[in-house]
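So the structure is just underneath, and the comments pick up after that.
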Amino acid sequence: MAAPTPATFAAQQFASLYVGDLHRDVTEAMLYEVFNNVGPVASIRVCRDSLTRKSLGYAYVNFHAVNDADRALDTLNYSSVKGVPMRIMWSHRDPNLRKSNVGNIFVKNLDKGIDNKSLFDTFSLFGTIMSCKVATDAEGSSLGYGFVHYESPEAAQQAIEKVDGMEIGSSTVSVSLCERKGERDEVRKKTNLYVKHFPFDWGEEKLLELFSPCGPVQSSVLMKDKKGRPY
């Protein structure tokens with residue numbers, strides 16, 4: 001059975017798009033001006049806090065026609081509204097589809113200059129992406145890792161084979177299947193180490209140099225807390 005195309009997904013979801021990473025001052029009227037230039041918009045809803053009515057930073061845009069939604073995704077994804085790039089995806093209302101980990105990959109050791117659009121452009125070569133996100137801190141700075149969720153597990157596997165070990169920007173990235181938290185915790189319960197109190201100028205290569213003689217290292221990540229202390 002052939003994998004569903006983006007248009008098929010859109011038809012199933014009533015030509016509905018999820019629009020995330022919105023500036024908190026963006027309103028329905030602003031989004032209407034942007035999206036209605038692509039095609040007739042049926043409705044727009046900016047999701048808000050039930051008490052304060054402040055924007056939660058995401059919205060749903062519904063088109064009358066699937067082709068218009070498809071074109072909006074192609075032409076408007078990562079374009080800016082009030083100076084902040086929007087992240088647009090098909091709206092998957094099926095909770096099983098949203099929560100599925102099939103086709104989801106984890107990308108680490110990202111160059112801090114890689115943003116959502118750069119990540120999407122790199123990985124869209126291998127198949128249809130349902131969601132793509134670089135993890136950031138409270139100030140919006142990259143944490144050096146991200147997630148790409150493909151429509152099919154075949155696309156995810158191809159991305160791993162082609163991109164793992166590739167240099168993107170100034171860093172060599174590591175790409176692997178994203179494990180569910182429960183699965184990851186169970187597997188790594190007795191093999192995962194937390195390390196702190198080492199020199200500030202140590203990089204991940206130095207840590208691997210220290211620990212590799214003890215046995216093969218399956219994965220590693222170097223992060224910093226709010227005070228800049230590495231762990």
Task: Enumeration of residues in the range 26-40 that are surrounded by 15 or more Cβ atoms within 10 Å (Cβ to Cβ) and closer than 14 Å to ALA15 by Cα - done: PHE35, ASN36, VAL38, GLY39
Task: Of all residues making up the range 164-177, the number that are crowded, with 19+ Cβ neighbours inside 10 Å and part of a loop (DSSP other than H, G, I, E, B) - done: 1
TODO: Can you confirm whether the range 185-203 contains a residue that is within 19 Å of ASN109 (Cα to Cα), at pLDDT below 75 and assigned to a helix (DSSP H, G or I)?
DONE: no
Open item on the list: For the structure I just gave you, tell me whether HIS64 is touching a residue at least 40 places away in the same chain (Cβ under 8 Å), of a type outside the set (A, V, I, L, M) and either within 26 Å of THR27 (Cβ to Cβ) or touching a helix residue (DSSP H, G or I) at 6+ places or on another chain (Cβ under 6 Å) (or both).
Closed with: yes
Open item on the list: Quick check on the range 146-154. Is at least one of its residues surrounded by 15 or more Cβ atoms within 10 Å (Cβ to Cβ), under 16 Å from the mean Cα position of the chain (by Cα), farther than 26 Å from LEU76 by Cβ and among the acidic types (Asp, Glu)?
Closed with: no
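The values are calculated or read from the model by the stated rules, or taken from the named source; none is laboratory data. What you see is a predicted model; the values in this text were computed from it and never measured. Cβ coordinates were reconstructed from backbone atoms using ideal geometry, including for glycine residues, and neighbour counts include every protein chain displayed.
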